[in-house]
1. Taking only protein heavy atoms and a 1.4 Å probe, what accessible area per residue, in Å², does segment 20-87 have with all protein chains in place?
2. Give me the net charge for the shell around residue 93: Cβ to Cβ below 14 angstrom, other residues only, Lys and Arg +1, Asp and Glu -1.
3. Where nothing but the Cβ of Lys and Arg (+1) and of Asp and Glu (-1) is charged, how large is the charge dipole of segment 52-147 around its Cα centre, in debye to the nearest 20?
4. Would you calculate the separation in nanometres between label points at residue 97 and residue 137, each defined as 7 Å from the Cα along the Cα-to-beta-carbon direction?
5. Using Cα extents along the principal axes in Å as the read-out, say which of (i) 57, 41, 26; (ii) 51, 31, 29; (iii) 42, 38, 28 was calculated from these coordinates.
6. First measure r as the distance between the Cβ atoms of residue 106 and residue 79, then evaluate 1/(1 + (r/R0)^6) with R0 = 41 Å and state the FRET efficiency to the nearest 0.05.
7. Taking 0.36 nm per intervening residue step and subtracting the Cα-Cα distance, what contour gain separates residue 26 from residue 90 on full extension?
8. Which net charge results when you count Lys and Arg as +1 and Asp and Glu as -1 among the other residues whose beta-carbon is under 14 Å from that of residue 138?
Amino acid sequence: MSLKDQLKEDMKAAMKAREEGKTALSVIRMVNSAIKNTEINDKVELDDNGILGILAKEMKTRQDSLTEFEKAGREDLIAHVKEEMAVLQKYLPAQMSEDEIRTVVKEAIAACGDAVNMGNVMKHVMPKTKGRADGKVVNNIVKELLG
């Protein structure tokens, strides 16, 4: 089942769950809206990879918000954002460990040959880690391995 179909099925289930599914319903609606906007603006039909990109972007937004809410001590908002992140996490693939990321980066460095620089390595690495690793972590590992 494609991610788009899974989102539709889960949205129906959240609608039936009423109060218990309120957060899930709002998050799924928001994701569906982002998918539609992207499809309309880019005039494309998104596949699972494109949808994963949107899900990763939404997760990143919530992680950034969570950091800010924690700094401000807003417990009510922290709980809500964590609930939303839990819903999004169901659709994202398992996150890569730092060792797995290092392996991918080392392979990318080897693939670059003579043209080893930050940009070329990141071009090779990011498609392989899309939705499965935080870009900041990947960036830091690339910097570390390039010296």
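The values are calculated or read from the model by the stated rules, or taken from the named source; none is laboratory data. Small disclaimer: the values here were computed from a predicted structure and weren't measured. Cβ coordinates were reconstructed from backbone atoms using ideal geometry, including for glycine residues, and neighbour counts include every protein chain displayed. These area figures cover heavy atoms from the full protein model, side chains too; ligands, DNA and RNA do not enter into them. Shrake-Rupley method; radii C 1.70, N 1.55, O 1.52, S 1.80 Å.
1. Values: 4100 Å² over 68 residues.
Averaged over the residues of segment 20-87, the accessible area is 60 Å².
2. Details: positive: 90, 128, 130, 132; negative: 48, 100, 134.
Surrounding charge for residue 93 is +1.
3. On the way: 15 positive and 15 negative charges, 61 e Å.
Dipole about the Cα centre, nearest 20: 300 debye.
4. Between residue 97 and residue 137, the label points sit 1.2 nm apart.
5. The calculated read-out lines up with (i).
6. Here the calculated transfer efficiency is 0.55.
7. Numbers: separation 64, 0.36 × 64 = 23.04 nm, distance 1.47 nm.
Gain on stretching residue 26 to residue 90: 21.6 nm.
8. Numbers: positive: 60, 102, 106, 123, 128, 130, 132, 136, 143; negative: 98, 99, 100, 107, 134, 144.
Residues near residue 138 contribute +3 overall.
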